[in-house]
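Contents: one structure, followed by commentary.
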Amino acid sequence: MGFWANHVLPRLIEKACRSRTILAERRRWIPRAHGDVLELGVGSGLNLPFYDAARVAKVTGVDISRPLLRRARPRAEQAPVPVDLIEASAEELPFVASSFDSVVVTYSLCSMEDPSRAAAEARRVLRPGGDLMFVEHGRAPDRGTRWWQRLLNPFWKHVSGGCRLDRDMPAMLRAAGFELAELTASYSGTVRWLSFTYEGSARPQPRELAAGDAGAHDHGHDHHHGHDHDHGHAH
């Protein structure tokens, strides 16, 4: 997997992330970031041109992949805002609590080994009243598609850098202590097992409220599923 992970996979990920629908996702969500911004899974930096210089002081992009960060450096130099790229795991962020006004994550939680921990880390480093903007594919609402997601997970994880197809992103964010301010969920393409997309924004709940709600989330989740229509997809 060394040659694949270091040379082939970064190029495939970048090619997959340059579609017209993904461009629409970037234009819709990235300009909403503000203040000091943390981008989880910055990858090759395809989000960087879309940050609003009038709203953003600085972007700190973290990624565990050194090859992808190398590809991100030219985009960081040309970005409209100051950018700092750091090789680090989202599950163990090297920042003190309440360091950022915004956190951005687009199609990265699906590939993390422990996305629940990454979501908890995002909440930890957000300042009170801060915003999380997210676009992620995940668990489909219909039984047939979920069956295919479970069946294909082992193969897809092997060839896609660890991506899982059926993670319940809204439930994961709630369990990490976020309140979903906006959420849209729908199929964004014809490949249904890959294209059920969650996008929206969230804010950290007060810590005492999040702790009190944790048990409730263990027993059931309030799923928000949109209609089956083209909606735009970022990967």
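The values are calculated or read from the model by the stated rules, or taken from the named source; none is laboratory data. Treat the numbers as computed from the prediction; the structure is a model and nothing was measured. Positions of Cβ are backbone-derived with ideal geometry, glycine not excepted, and every protein chain shown enters the neighbour counts. These area figures cover heavy atoms from the full protein model, side chains too; ligands, DNA and RNA do not enter into them. Shrake-Rupley method; radii C 1.70, N 1.55, O 1.52, S 1.80 Å.
Taking packing as the residue-averaged number of other Cβ atoms within 10 angstrom, the listed peptides 81-88, 127-134 run from highest to lowest as 127-134, 81-88.
Using a 1.4 Å probe on the protein heavy atoms, what percent of the accessible area of the stretch 92-190 belongs to carbon and sulfur? Let's see the in-between values first.
On the way: 2160 of 4000 Å².
Carbon and sulfur: 54 percent of the exposed surface of the stretch 92-190.
Under the shape rule built on the C-alpha gyration tensor, where the axes satisfy a ≥ b ≥ c, the stretch 65-213 is oblate, since a/c reaches at least 1.5 while a/b does not exceed b/c. Calculated FRET efficiency, Arg70 to Asn153, Cβ-Cβ distance, R0 = 30 Å: about 0.55 to the nearest 0.05.
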